[in-house]
Amino acid sequence: MNIQHTIPTMDDNGFYMNESRAMLQYLANKYSKDDSLYPKDPKQRAIVDMRLMFDQGTFYHRFMQAYVSLNTKFTRIKSIFTIIFEALIVGRRL
């Protein structure tokens, strides 16, 4: 059903999808009685699309910057504690 073996996966009468944003757009296009959820007007739709894609461009980029920064700091702290441990417990000189 899903060649990428990921979730979410959707089956709409034999039409399979596995990307959540595309599913939302498809479902709104196919089943919505009006355009209140997914507007037809290009400018209004662009605002909805922008919010749908927020995590891809803005959120993940900033999250990774913070993660890499914290990971670097934790690696340095671990190195310092290793040096202190070896000096105090093992008896190596600094």
Scope region 9-36; condition surrounded by 14 or more Cβ atoms within 10 Å (Cβ to Cβ) and in a strand (DSSP E or B); matching residues: Met10, Met17
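From Ala28, Ala22, Ala46, which residue is farther than 28 Å from Met1 by Cβ and either touching a residue at least 12 places away in the same chain (Cβ under 8 Å) or aliphatic (A, V, I, L, M) (or both)?
Numbers: Ala28 fails: farther than 28 Å from Met1 by Cβ; Ala22 fails: farther than 28 Å from Met1 by Cβ.
None of the other options fit; the residue is Ala46.
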Candidate set: region 37-90, residues that are over 24 Å from the mean Cα position of the chain (by Cα) and not in a helix (DSSP H, G or I); chosen: the one farthest from Arg21 (Cα to Cα): Asp41
Complete set of residues in region 41-75 that are basic (Lys, Arg) and surrounded by 10 or more Cβ atoms within 10 Å (Cβ to Cβ): Arg45, Arg62, Lys73
Matching residues in region 8-27 - criterion: being out of contact with any helix residue (DSSP H, G or I) (no Cβ under 9 Å at 6 or more places or on another chain) and aliphatic (A, V, I, L, M): Ala22, Met23, Leu27
Residues (touching a strand residue (DSSP E or B) at 6+ places or on another chain (Cβ under 8 Å) and at pLDDT 80 or above) located in region 2-15: Thr9, Met10
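The values are calculated or read from the model by the stated rules, or taken from the named source; none is laboratory data. Since we're looking at a predicted model, the values are computed, not measured. Positions of Cβ are backbone-derived with ideal geometry, glycine not excepted, and every protein chain shown enters the neighbour counts.
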